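Engineer: My structure is below; once you've seen it, I'll send some questions.
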There are 2 protein chains.
Amino acid sequence: MQELLDGSSPSDWRALDPANTLYMELAGGRVVIELAPAFAPAHVANIRTLAHEHYWDGLSIYRSQDNFVVQFGDPTEDEKARKPIGNAKAQLPAEFTRESEGLAFDRLPDSDGWAPEIGFSGGFPVARDPKSGQAWLAHCYGTLGAGRDVAADSSNGTELYVVDGQSPRQLDRNITVVGRVVQGMELLSVTPRGPQPMGFYDEPGLRTPIRSIALAADLPEAERTPLQLLRTDTPVFAQVVESRRNRKDAWYKVPAGHIDLCNVPLPVRAPPPAQPAE
Amino acid sequence: MQELLDGSSPSDWRALDPANTLYMELAGGRVVIELAPAFAPAHVANIRTLAHEHYWDGLSIYRSQDNFVVQFGDPTEDEKARKPIGNAKAQLPAEFTRESEGLAFDRLPDSDGWAPEIGFSGGFPVARDPKSGQAWLAHCYGTLGAGRDVAADSSNGTELYVVDGQSPRQLDRNITVVGRVVQGMELLSVTPRGPQPMGFYDEPGLRTPIRSIALAADLPEAERTPLQLLRTDTPVFAQVVESRRNRKDAWYKVPAGHIDLCNVPLPVRAPPPAQPAE
C-alpha cells in the first residue's frame, strides 16, 4: 500500500476543512474528527456551535463498552442539572438517511449483507439503496454518531459515541451519524471498559476527562493539525482497495478476493513539505 | 436476548473442557480462552505442552496494533536467545483449514462476502466451502491465532495473537487459528497501542507482563473459572441470532434483516446454582 501512496500525486489528496474538523484533547493527545455535513447538516451545525462555545471542555468519556463504543458528553440524568447548551438547539430532526440523488458515490463492487450498495462519498464509508433512493453513513471503526433515547429525534449532538469494535452495522439507519475519527483512534480505543452490559461507569472517578473539543477553524493556524486524506474518487484509491482485496505479498497464501466496507483503509498523511523552486 | 437466555434449559449450555481451556493471568485479571483442537490439533497440543511447562509465565504482550491485534510470547529476535520451548515441538504443520466432512456445522442463512458458507461449529465462528470441501475458523473479535513468518509452516504456537478490532477476515485460510477468548476481552483490548504501522513497542518497558498462562486442567478445581457457553446447535441460539438480526425493541426503528458472522453474540454464563431437591 505504501508504494501506491508514494506514487500518488498531490491532487489525489484533500485537506481537512477546518470548519468541519474537531479536535478532541485528551491527556494522551489529540483526536482529529471529520464532520459530515452532507449527511447530518442539522447535527453538524449544532456540534459546531457546541464546540465553538466549549460545551465539552471539562466533560468526560463516561461510557466504554467493550467491542462497541466509547461515549462522551454530560452523563447527568436529571435534565435540569445538565450543562447548559448555550446557543445550540435542544431539538433536532433525526438524520438517519438522506436522498442519494446529488451525492457522489464511489461504489465498491464487493457484496454486503447490510445494504444493496456500498462505497464511499467524500471519504466516508456509505451505503445506498436504489429502491428507496436513500443513502447513509455506515457504522465502521471510528464512526462518530449522536446518541439518542427511544425517540428517533431525541439526539441533539451533545452525547456522542465513537465505534471502537466490530462494525455495528445494525445501527445504520437507526441513529444519526455525524462524522468519523481520522486520527487518534488509538487514544480512544484503550479507554478502560465500564461494567457490562452497557459500559457506563458506576464511579465518576473512572471517567476519562476531556480537556476540550474545539473546531479547528476556531484555533489559530499554528495550533491546527494539518492532515491530508486520500480522495476516494481517485484511481490510486481504487488500487489501494484492490491491493487489500487481493494481497499479493509473500506472506499471504490465499487472497481473499473480497473486502468489507469497514476493512477498507482510508489513508491519512501529514502534508508533504513544499518542493523548493529549482 | 436476556429473556431468551432466561428461558433456556440446562442442556442448551455446555461447560468448558478444562483440557482445552487456558487462563491468561494479567495484572487486571484473568482472560479465559477456549482452544479448538478440532481445527488445529497439532498447534493445540503444542500450546497445551507450552502452558503445562509455564512457557509464557513472565513473558509479555509485546505488540498492540490499533484496530487489529494484540500479540504475546517471546519478542526476542535472535533465535539462540529465545526462551527454550521444553517438550514442545519446534516445527508444526500449517493448519489453516480442515476437511469439512465430519464437522458439525450450524449454518447461518446470512450472506457473507468472504466465504460461500458461514456458521458455527462447537461454538466457534466457522466458514465452509462446499467446492473445496474445506472449513476454517473465521477471524472475529476475540479470535486467537498463531503468529507466523512468511513460510506457511513457521508457527509453533509460542507467538499468539488475539483480534481486538474490525474482523480481519482476510487472514482466514492464511494462518492457523487455535481458539477464542470467551471471557476477559476487556482486559486485552485496552492494551496501550504500540507505534504504527505494526504496533510492536520500541521500549520493552511498555510491554504488558503476563503473570502466567495455565491450562485449566493443571489447576485445582477451586482455582478454575466455571463457565458455561450456549450451544450453537440449539433452537435458543437460533432465536438469539434472529433477535439480533431483526431487533424488535422500541429503540430500533429499522431492523437490519441481516447479521454478520462476527456480530453474532456467543453467550457465556457462570453455572447457575444447583436446584435444591424438593
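Engineer: What's the percent breakdown of Cα-Cα distances in region B:2-269 across 5 Å bins, shortest bin first?
Structural biologist: 1, 6, 12, 17, 18, 18, 13, 9, 5, 2, 1, 0, 0
Engineer: Also, quick follow-up: Assume the label is 7 Å from Cα along Cα to beta carbon: what separations in nm does B:R244 have to the matching positions in the other copies?
Structural biologist: Going from nearest to farthest copy, the values are 2.3 nm.
Engineer: Could I ask something else about it? Springs between alpha-carbon atoms under 10 Å, Gaussian network over chain B: tell me which of B:M185, B:M24, B:M198 tops the mean-square fluctuations.
Structural biologist: B:M198
Engineer: Let me ask you something else. May I ask what percent, to the nearest 5, of DSSP beta bridges between residues of region B:2-269 are antiparallel? Each step should come with its number before you reach the end.
Structural biologist: Values: 51 of 51 bridges.
Looking only at bridges with both residues in region B:2-269, the antiparallel portion is about 100 percent.
Engineer: Can I ask one more? Taking a ≥ b ≥ c as the square roots of the Cα gyration tensor eigenvalues, with a/c under 1.5 meaning rounded and otherwise prolate when a/b beats b/c, else oblate, which class fits region A:206-278?
Structural biologist: Taking the square roots of the gyration eigenvalues as a ≥ b ≥ c, region A:206-278 is oblate.
Engineer: For each pair in A:K253/B:K89; B:K89/B:K131; A:K248/B:K89, compute the distance between the two Cα atoms and list the pairs where it is over 27 Å.
Structural biologist: From A:K253/B:K89; B:K89/B:K131; A:K248/B:K89, over 27 Å: B:K89/B:K131; A:K248/B:K89.
Engineer: Rounded, prolate or oblate: pick one for region B:10-136, where a ≥ b ≥ c are the square roots of the eigenvalues of its C-alpha gyration tensor, a/c under 1.5 means rounded, and failing that, prolate if a/b is larger than b/c, else oblate.
Structural biologist: prolate
Engineer: Using the Karplus curve 6.51 cos²θ - 1.76 cosθ + 1.60 with θ = phi - 60°, work out ³J(HN,Hα) for each residue of region A:201-215 in order, rounded to whole Hz, and write x for Gly and Pro.
Structural biologist: So the Karplus estimates, Gly and Pro as x, are 6, 6, 9, x, x, 7, 5, 8, x, 9, 5, 6, 10, 10, 6 Hz.
Engineer: Distances in nm, one decimal, shortest first, from B:P116 to the same residue in every other copy, taking the label point 7 angstrom along Cα→Cβ.
Structural biologist: Between copies, matching label points for B:P116 lie 2.8 nm apart.
Engineer: Here is a follow-up. What nm value, rounded to one decimal, do you get for the distance between A:Y252 and B:K89 when each label is placed 7 Å out toward the C-beta?
Structural biologist: If labels sit at A:Y252 and B:K89, their model points lie 2.9 nm apart.
Engineer: Identify which of A:H43, A:H258, A:H54 has the largest mean-square fluctuation in a Gaussian network model of chain A, with springs joining Cα atoms closer than 10 Å.
Structural biologist: The residue that fluctuates most here is A:H258.
Engineer: Oh, and also: Only Cα pairs under 8 Å and at least 6 apart count here; give the relative contact order of chain A as a rounded whole percent.
Structural biologist: It rounds to 29 percent for chain A.
Engineer: Using the Karplus curve 6.51 cos²θ - 1.76 cosθ + 1.60 with θ = phi - 60°, work out ³J(HN,Hα) for each residue of region A:77-85 in order, rounded to whole Hz, and write x for Gly and Pro.
Structural biologist: 7, 5, 4, 6, 8, 6, 4, x, 9
Engineer: Any idea what the A:G29 label distances to the other copies are, label 7 Å down the Cα→Cβ vector, nm, shortest first?
Structural biologist: The answer, with the shortest distance listed first, is 2.9 nm.
Engineer: Can you give me the Cα centroid spacing of region A:96-129 and region B:52-122 in angstrom?
Structural biologist: 35 Å
Engineer: Which of the three applies to region A:168-241, rounded, prolate or oblate, going by the alpha-carbon gyration tensor with a ≥ b ≥ c and a/c under 1.5 meaning rounded?
Structural biologist: oblate
Engineer: Starting from the amide H of B:V69, placed 1.01 Å from N in the peptide plane, find each other amide H under 5 Å away whose residue is 5 or more places distant or on another chain.
Structural biologist: B:D164
Engineer: Explain nothing, just compute: Karplus ³J(HN,Hα) = 6.51 cos²θ - 1.76 cosθ + 1.60, θ = phi - 60°, for every residue of region A:10-22 in order, whole Hz, x for Gly and Pro.
Structural biologist: Values per residue, Gly and Pro as x: x, 6, 6, 10, 10, 8, 5, 7, x, 6, 10, 10, 10 Hz.
Engineer: Can you give the calculated 222 nm mean residue ellipticity of chain A, where each DSSP H run of n ≥ 4 adds -39,500 (n - 2.57) and the sum is split over every residue, rounded to the nearest 500 deg cm²/dmol?
Structural biologist: Roughly -3000 deg cm²/dmol at 222 nm, from the helical runs in chain A.
Engineer: If I stretch the segment between B:K131 and B:A151 completely, what's the gain in nm (0.36 nm per residue apart, minus their alpha carbon distance), one decimal?
Structural biologist: Using 0.36 nm per residue and subtracting the Cα-Cα distance, I get 4.6 nm.
Engineer: Report the closest approach of any chain A C-beta to the axis of the A-to-B rotation: residue and distance, in whole angstrom.
Structural biologist: A:V190, 2
Engineer: Give me, ordered by chain and number, the residues 5 or more places off B:S212 or on other chains with an amide H under 5 Å from its own placed amide H.
Structural biologist: B:E25, B:G58
Engineer: Same structure, new question: To the nearest 0.05, how large is the calculated FRET efficiency for B:E221 and B:A81 if R₀ is 41 Å and r is the Cβ-Cβ distance?
Structural biologist: Numbers: r = 38 Å, r/R0 = 0.93.
Computed FRET efficiency for B:E221 and B:A81: 0.60.
Quick note: the coordinates plus some simple rules give every number you see, no bench work behind them. Quick caveat, the model's predicted, so the values are computed rather than measured. Every residue, glycine among them, receives a Cβ derived from its backbone with ideal geometry; neighbour counts consider all protein chains shown.
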